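Q: Okay, handing you the structure first.
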Amino acid sequence: MMLFQPPLPPHYAELSDEEMADRVRAHKQAFGDRLIILGHHYQQDDVIQFADHAGDSLKLSQLAAKARNARYVVFCGVHFMAESADILTEDEVTVILPDLSAGCSMADMAAIDQVEEAWEQFQSATDARIIPITYVNSTADIKAFVGRHDGACCTSSNARRVVEWALGRGEKILFLPDQHLGRNTAYALGYPLDSMVVYDPNAVDGGLTSEQIRNAKFLLWKGHCSVHGLFTAKHCDLIREADPACKIIVHPECRWEVVQKADVAGSTEYIVKALEEAPDATSWAVGTEIHLVNRLANKYAGRKLIRSLAGVQCLCTTMYRIDLRHLLWSLDELAAGRIVNQIKVDPDTRHWARVSLQRMLDNVPPQPMAAK
Ligand code: 13P
Ligand code: SF4
């Protein structure tokens, strides 16, 4: 969801990085444990340095759910993450997204009216019980739809576990909105590609006949991440040619053929842990957002060779909108008694979205798991 972020007051443009960092530090101290700053791994270093917790979507959802003393959660991530935090925290907790234009293009690829229309089409094509699963990268409306229809959310850390859970409850899965995570997960569970069809919300009848819907085990929504979509099988081939000892690790939002060529695939938290545990003198090509890749490359410089799988900068431009300036502005306003950029989900949507998130949290494995 792309919301309008009004420009900041002009004097923020004149502040140096040091001044801004000092003021954020002072705010954190003054608020104490009434304030929690959560930061997704793709955030810039000068923002992530102030996060009380950094993590992937799953870890951050769990932390938000446990935020007992906090009165304010400032979410340095994208809109759907802040919505999830609002859904999982108590009513008294205020969730703030420092820049409202920090959306996720993948989440925007499934609108609730499109999903409702597709659902009707599936119901008239088949009597089979369909369990909807939505990747957490989706709007609260979609999470609520899934909650109302006996489904669950998943993240890239637990998609496999959630799909197994759903297969025990129904005959078919509708996987929203990331076709790649859906395909990679189903394939890793042993389902062949021809057991999956792609529903295109922009085509007449989703581009599917009733027979195709009846024959498919997995109905994959035609959504994708434009950042991870930049990694190609050719990038893997080039790396293998140039450095045969190099390991390739990718996020499961990458296309199926990239995941197949990679040595391992997993969530951002999984990637962080895998590289931490990797022996010295190993080399790695990483298929995920550039800020995380650069952070890991710097952290292990001189010990492990870490670089992006692609020669180009794969940047999540919406995550990038959360900068130190917007973080400071949201905290300045809070300190002045004004809440800006609050993310609040309406009560009915919140209830059902929470059901789908809770079903996920009840099914998570103790450790981040690989999707391959
Ligand atoms: P993770 O849950 O792995 O952090 O992924 C979130 C995301 O948006 C990746 O593009
Ligand atoms: Fe969305 Fe892709 Fe950015 Fe993740 S990297 S927040 S999926 S656009």
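The values are calculated or read from the model by the stated rules, or taken from the named source; none is laboratory data. Worth saying up front: this structure is predicted, and the values here are computed from it rather than measured. Here the Cβ is made from the backbone with ideal geometry for all residues, glycine too, and neighbour counts use every protein chain on show. Calculation scope for accessible area: heavy atoms of the full protein, side chains included, ligands and nucleic acids excluded. Shrake-Rupley method; radii C 1.70, N 1.55, O 1.52, S 1.80 Å.
Q: Can you tell me which residue in the range 247-259 is most open to solvent (accessible area, probe 1.4 Å), limited to those that are away from ligand 2 (no atom under 16 Å from the Cβ) and touching a residue at least 40 places away in the same chain (Cβ under 8 Å)?
A: Taking the candidates together, the pick is Trp256.
Q: Continuing with the same structure: Just the residues that are part of a helix (DSSP H, G or I) and either farther than 22 Å from Gln49 by Cα or in contact with a helix residue (DSSP H, G or I) (Cβ under 9 Å, 6 or more places away or on another chain) (or both), please, taken from the range 303-328. Walk me through how you get there before you give the answer.
A: Going residue by residue through the range 303-328, those that are part of a helix (DSSP H, G or I) are 319-321, 324-328.
Within the range 303-328, Met319, Tyr320, Leu324, Arg325, His326, Leu327, Leu328 meet the criteria.
Q: Restricting attention to the range 280-287, does a residue exist that is exposed (fewer than 15 other Cβ atoms within 10 Å of the Cβ), under 22 Å from Thr155 (Cα atoms) and within 16 Å of ligand 1 (Cβ to nearest atom)?
A: No, the conditions are met nowhere in the range 280-287.
Q: Could I ask something else about it? Checking the conditions here, which among Ala65, Ala70, Ala30 is part of a helix (DSSP H, G or I) and either under 20 Å from Thr317 (Cα atoms) or modelled with pLDDT under 95 (or both)? Explain how you work it out, then say what you get.
A: Values: Ala70 fails: part of a helix (DSSP H, G or I); Ala30 fails: either under 20 Å from Thr317 (Cα atoms) or modelled with pLDDT under 95 (or both).
That would be Ala65, the only listed residue that is part of a helix (DSSP H, G or I) and either under 20 Å from Thr317 (Cα atoms) or modelled with pLDDT under 95 (or both).
Q: Further, regarding this structure: Test of understanding: among Ala242, Ala297, Ala233, which residue is away from ligand 1 (no atom under 12 Å from the Cβ), touching an Asp or Glu at 6+ places or on another chain (Cβ under 7 Å) and without any contact (Cβ under 8 Å) to a residue 40 or more places away in the chain? Don't jump to the end; show me each part of the working.
A: On the way: Ala242 fails: touching an Asp or Glu at 6+ places or on another chain (Cβ under 7 Å); Ala297 fails: touching an Asp or Glu at 6+ places or on another chain (Cβ under 7 Å).
That would be Ala233, the only listed residue that is away from ligand 1 (no atom under 12 Å from the Cβ), touching an Asp or Glu at 6+ places or on another chain (Cβ under 7 Å) and without any contact (Cβ under 8 Å) to a residue 40 or more places away in the chain.
Q: Please go through (1) open to solvent by 40 Å² or more (accessible area, probe 1.4 Å); (2) over 22 Å from Thr268 (Cα atoms) for Asp108 and return the number of the only condition it doesn't satisfy.
A: Single failed check for Asp108: (2).
Q: Still on this structure: Go through the range 280-318 residue by residue and tally those that are more than 21 Å from His235 (Cα to Cα), at pLDDT 95 or above and of a type outside the set (D, E, K, R).
A: Qualifying residue count for the region: 5.
Q: State which residue is surrounded by the fewest Cβ atoms within 10 Å (Cβ to Cβ) when the search covers only the range 38-82 and only residues that are among the aliphatic types (A, V, I, L, M) and without any contact (Cβ under 8 Å) to a residue 40 or more places away in the chain.
A: Going residue by residue through the range 38-82, those that are among the aliphatic types (A, V, I, L, M) are 38, 47-48, 51, 54, 58, 60, 63-65, 67, 70, 73-74, 78, 81-82.
From what is left, the residues that are without any contact (Cβ under 8 Å) to a residue 40 or more places away in the chain are 51, 54, 60, 63-64, 67, 70, 73.
Values: Ala51: 21, Ala54: 23, Leu60: 29, Leu63: 18, Ala64: 25, Ala67: 22, Ala70: 24, Val73: 25.
Among those that are among the aliphatic types (A, V, I, L, M) and without any contact (Cβ under 8 Å) to a residue 40 or more places away in the chain, it is Leu63.
Q: Turning to a different aspect of this structure: Which numbered condition trips up Ala233, out of (1) surrounded by fewer than 17 Cβ atoms within 10 Å (Cβ to Cβ); (2) within 16 Å of ligand 2 (Cβ to nearest atom); (3) aliphatic (A, V, I, L, M)?
A: Here Ala233 meets the rest and fails (2).
Q: Take the conditions part of a loop (DSSP other than H, G, I, E, B) and more than 25 Å from the chain's Cα centre (by Cα) and apply them to Pro201. Does it pass?
A: Judged against the criteria, Pro201 is not a match.
Q: Let me ask something additional. Of all residues in the range 266-279, count the ones that are assigned to a loop (DSSP other than H, G, I, E, B) and loosely packed, with under 14 Cβ neighbours inside 10 Å.
A: Here is the first cut: in the range 266-279, the residues assigned to a loop (DSSP other than H, G, I, E, B) are 267, 278-279.
Cutting the leftovers down to loosely packed, with under 14 Cβ neighbours inside 10 Å gives us 279.
The qualifying residues number 1.
Q: Could you list, in sequence order, the residues of the range 31-56 that are charged (D, E, K, R) and either within 16 Å of ligand 2 (Cβ to nearest atom) or closer than 19 Å to Glu18 by Cβ (or both)?
A: Narrowing the range 31-56 to residues charged (D, E, K, R): 33-34, 45-46, 52, 56.
Passing the criteria: Asp45, Asp46, Asp56.
Q: For Asp323, indicate whether it is surrounded by fewer than 22 Cβ atoms within 10 Å (Cβ to Cβ), at pLDDT 95 or above, under 19 Å from the mean Cα position of the chain (by Cα) and more than 30 Å from Leu238 (Cα to Cα).
A: Values: surrounded by fewer than 22 Cβ atoms within 10 Å (Cβ to Cβ): yes; at pLDDT 95 or above: yes; under 19 Å from the mean Cα position of the chain (by Cα): yes; more than 30 Å from Leu238 (Cα to Cα): yes.
Yes: the conditions hold for Asp323.
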